[in-house]
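The values are calculated or read from the model by the stated rules, or taken from the named source; none is laboratory data. Predicted model, so just to flag it, every value in this text is computed and none were measured. Every residue, glycine among them, receives a Cβ derived from its backbone with ideal geometry; neighbour counts consider all protein chains shown. Accessible surface areas use protein heavy atoms only, side chains included; no ligands, DNA or RNA. Shrake-Rupley method; radii C 1.70, N 1.55, O 1.52, S 1.80 Å.
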Amino acid sequence: MISQANQSELIELLKQVPLFQNAPERALEISASAVRKRVYEPGTTIFQEGDKGEALYILAQGLVKLSKVDLGGHEKTLAILQPPEFFGEMALVGESTRSATVVTLNEVHAYLLFHDDFRKLISDYPSISLNLTATLASRLRGMDDESQILSYKDAQGRVAYVLLRLYNGGVIERDAERALVRLTHQELANLAGTSRETVTRALKALEGEGVIETRPKEVFITDPEGLEEILHGIR
Ligand code: CMP
């Protein structure tokens, strides 16, 4: 049984989640009573592409990586998500299987909203249904932009795009002067849809331009505006 204090904390968390933006208080209370908390170790596969969809996941702590394997057998990272984002809605609304595999990058705490509760919530509360549509539309727009960039830009442009996406999405650690992306060259290659060797060369070139600094498994973004200029070919 969830205590009153935990229930109000949970409602505060749900209010931050794009799915529940401006949702009626009653909808938040119903959701807070329905969700179940799960904790995952780093490197856990939460579910795999093709699995049956049983629940929607609301991230409360930690990072997850969403990926697919392409026809050539290469992993393509679709996104890295962090709180207060949610995932796993597509299989539930489409009554289909999981469109991607989700793996935890560190310890993850998530709240699961199961199929029937989720379906009832979106049919009872049009504002939640609209928020869901807005998220799907924004992911679709992101994919359209990405497919343009990844097919027309050279390796340096693609890597600049991936770094800026991480920077703008907040999937980084920041201090006063710079932002740190803690990913290996292979992980960046999976995001950019290219090889590890190409990423290593592109990172060297970007470092030569003075917009990033690299260390093993770490990239510091020192000049995001410069990266943006490189992406748009004006530098
Ligand atoms: P589902 O298909 O149930 O399981 C995988 C989830 O990954 C999917 O629901 C979405 O929540 C999420 N997802 C799939 N593609 C993308 C994408 N391009 N950007 C962000 N999230 C995605």
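Could you state how much accessible area Met90 has, in square angstrom rounded to the nearest 10, with a 1.4 Å probe and all protein chains kept in place? Here the residue's solvent-accessible area equals roughly 90 Å². Across all directions, the shadow cast by the convex hull of the chain built on its C-alpha atoms averages 14.0 square nanometres.
Averaging the Cα positions of each part gives two centres, and for region 171-235 and region 31-54 these lie 31 Å apart. Tell me the angle of helix 126-152 to the major Cα principal axis of the chain, expressed in degrees between 0 and 90 and rounded to the nearest ten. That works out to roughly 20 degrees. On full extension, the segment bounded by Arg38 and Asp223 gains 62.8 nm, given 0.36 nm per residue less the C-alpha separation.
Restricting region 81-139 to GluC sites (Glu not before Pro) that sit in a DSSP loop and have at most 11 other Cβ atoms within 10 Å of their own Cβ leaves Glu95. Once both axes come from the Cα atoms, what is the angle between helix 25-34 and the longest principal axis of the chain, in degrees from 0 to 90, rounded to 10? So the helix axis and the longest Cα principal axis differ by about 90 degrees. Remark on Leu63: its backbone amide H falls under 5 Å from those of Leu105, Asn106, a criterion applied only to residues 5 or more positions apart or on other chains, H modelled at 1.01 Å from N. Taking every C-alpha pair closer than 8 Å and separated by at least 6 residues, the mean separation divided by the residue count of the chain gives a relative contact order of 18 percent.
Angle of helix 155-169 to the longest C-alpha principal axis of the chain, folded into 0 to 90 degrees and rounded to 10: 40°.
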